[in-house]
């Protein structure tokens with residue numbers, strides 16, 4: 001199923017023994033949902049997280065945070081074992097459908113340091129690979145470079161400012177997924 005045709009999907013993840021003990025104790029079962037429907041509860045949960053993190057914590061203007069690409073993106077939300085949304089990101093497909101831009105990666109403050117961002121990213125990378133995506137790019141805030149590097153992203157180009165925050169472009173080539 002091509003990325004642009006994916007409407008809604010849920011995924012359940014059981015934590016493994018390789019996760020920190022605090023993560024295991026807190027999250028025995030997580031659910032990841034995705035949607036392109038900007039009227040869906042999943043999308044609204046994504047926006048709530050983004051507003052809290054980007055607008056509330058980082059001072060990004062609302063006009064920049066919620067943009068004209070919302071309906072073109074596939075939005076992902078990770079929910080904790082109590083069903084509370086705690087992390088989100090979105091994929092914006094390029095016109096060639098072989099590359100995507102990962103955007104709006106955010107984890108609520110009270111959930112940071114529990115590997116939830118890594119769990120969501122691992123799912124999104126696997127999902128993209130299964131959809132035939134060959135490359136993912138993103139604009140990483142400088143404070144998040146190490147996080148993305150651990151997931152295999154490479155820095156490209158020079159630093160730049162976006163929404164008043166320093167960023168750098170990072171990319172990851174995905175291996176071909178066998179059918």
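At 0.36 nm per residue, minus the direct Cα-Cα distance, what do residue 151 and residue 129 gain on full extension? Give it in nm, one decimal, please.
Result: 6.5 nm gained on full extension.
Between residue 176 and residue 67, what length comes free when the chain is fully extended (0.36 nm per residue of separation minus the Cα-Cα distance, one decimal in nm)?
36.1 nm
Every read-out reported here was derived from the displayed coordinates using simple, explicitly stated rules and does not represent laboratory data. This is a predicted model, so every value here is computed, not measured.
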